[in-house]
Amino acid sequence: MATAADLTVKPAEIDPIDVTRAELYTEDRWQEPFRQLRRHAPIQWVPESKYGAYWSVSSHKPIQHIEALPKLFSSDWRYGGITLAAESDTLLPNEIRQPMFIAMDPPEHTAQRRTVAPSFGPGEVAAMKEECRERTAEVLDALPIGKAFDWVQRVSIELTTGQLAKLFGFPWEERHKLTEWSDYGGDITMFRDADALAARNAKMQEMGMAFAALWQERMANQGAAGGKDLISVMIQSDAMNHMSEEEFIGNLILLIVGGNDTTRNSMSGYAYGLNQFPEEREKLEQDPDLIPNAVQEIIRWQTPLAHMRRVLTEDTDMFGHDMKKGDRVALWYISANRDEEVFDDPDAIRVDRENARRHLSFGYGIHRCVGARVAELQLITLFEEMAKRRLRVNVLSEPERVPACFVHGYKSMQVELSTY
């Protein structure tokens, strides 16, 4: 398989580059392969990879175009869902396919998304602000100044897990379980190892049992009536209160992984990214009014979920490429967010970038992240509370990264805080 180092450029195509390889992300060297793909083959058929054959779509325009055609490019769980982990037409050993509304097409998707969307609407998010700020302040005030610690564990995980516990009405003293379940739920590498997949299934079953107990508790106590937590909201919904066990677990995976990984890895990306661009960090320190835009820029630069996948429901021609029914299509958000035709100097962080909001980190179209406002609230609050305390994050060594092509993030990052 070709790599960026030995890439041979041909007149109209390039040798297939498999950008699913875990080492590209573990070693943070995915940028050049995607640059080559955007330049020479923004839509390319990759005949073999750890995850099987797929179409690789790496530039901004065709990804938006595909996302706008959900009937043609399906997200349905019956075809294997939203990542490259599963095949479209056959089950892997020990694979259990779990419905979730992000892995549904209309009208199922519409009804279930409509149920949970109000929990993430402007009014609900506004009501979260005070508690989110109090929690962020509490976490930051407990951090040492001038001493090494793990930013991922002490800040990113602590803040996002706490917010998830509040959203679900999950027992606060057991909130660490949400992190463990999220890590298992988002780890697509387990799908191609039967034993690992069995272990993942067991963890997801454990999660389902814990939340089923919460569901029954809310029902027994009539706490669901008018309740604002996500479990109560689902109980009150005709579209979701008769879910099968698989569908219940699937939607929990979606809400937990989506609510955890996106925000958590953007928080870590903030620490790492601004350390890489000290002039931009200083610009932000001098002008806190840039914080809302800087949040969008960090989300763009980090791209916490590297790809989503779709499956063709019929043969089609896409920008001159003959795609067949059943073909899997990887939409590389991580590459679209570095598209030179959309973003000037895309590999750099620019906290005042005028079009930072054009990023695709939250997706596009009907499947755009339902919890985007909550993620933005948590990030803005973190940035503001750091600025209020005049705290600066200094990264002490290269972080340990997630070894996969789906969740694009950090497992640990040693840092030291200073003041400015």
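Residue order for 268, 232, 49, fewest other beta carbons within 10 angstrom first, comes to 49, 232, 268. The residue list 51, 132, 276 was ranked by how far each Cα lies along the charge dipole of the chain toward its positive end, using unit charges on Cβ atoms, and 132 comes out on top. Cross-link reach is defined here as a Cα-Cα straight distance under 25 Å, omitting same-chain residues fewer than 8 places apart; for residue 61 the lysines meeting it are 10, 71, 324, 325. The residues 154, 390, when put in order of fewest to most other Cβ atoms within 10 Å, stand as 390, 154. Let me make sure I get this right: for the chain, a, b and c are the square roots of the gyration tensor eigenvalues over alpha carbons, sorted descending. Under 1.5 in a/c it's rounded, otherwise prolate if a/b > b/c, else oblate. Which is it? Because a/c hits 1.5 or more and a/b fails to exceed b/c, the chain counts as oblate. Cβ crowding within 10 Å, taken as a proxy for footprinting-reagent exposure, orders 359, 367 from fewest neighbours to most as 367, 359. Candidates 408, 85, 263 compared by Cα position along the dipole of the chain: farthest toward the positive end lies 263, with charges placed on Cβ.
Only Cα sites of segment 238-372 enter the Debye sum here, all with the same form factor; the resulting log10 I(q)/I(0) across q = 0.15 1/Å is -0.85, listed in q order. For the chain, relative contact order (Cα pairs under 8 Å, six or more residues apart, normalised by length) works out to 25 percent. Determine the distance separating the Cα centre of segment 311-346 from the Cα centre of segment 360-389; give it in Å without decimals. Their Cα centres are 25 Å away from one another. Full extension of the segment from residue 221 to residue 344, taken as 0.36 nm per residue of separation minus the current Cα-Cα distance, would add 38.7 nm.
Straight-line reach from residue 147: taking Cα to Cα under 13 Å and skipping same-chain neighbours fewer than 8 places apart, the aspartates and glutamates in range are 416. Per residue, the chain reaches -13500 deg cm²/dmol at 222 nm when only DSSP H runs of four or more residues are counted, each adding -39500 (n - 2.57).
What lysines does residue 166 reach when the alpha-carbon gap must be under 22 Å and sequence neighbours fewer than 8 apart in one chain are set aside? Result set, ordered by chain and number: 129, 177, 203, 228.
Each label point was placed 7 Å from the Cα along the Cα-to-Cβ direction; for residue 394 and residue 314 their separation is 6.2 nm. Modelled label positions at residue 352 and residue 29, each set 7 Å beyond Cα in the direction of Cβ, lie 3.6 nm from each other.
Charge dipole of segment 22-419 (Cα centre as origin; +1 on each Lys and Arg Cβ, -1 on each Asp and Glu Cβ, all else neutral): 340 debye, rounded to the nearest 20.
Bear in mind these aren't lab numbers, they're just calculated from the coordinates by the rules spelled out. In this text the structure is predicted, and so the values were computed from the model without any measurement. Cβ sites come from the backbone with ideal geometry, for glycine too, and all protein chains shown count toward neighbours.
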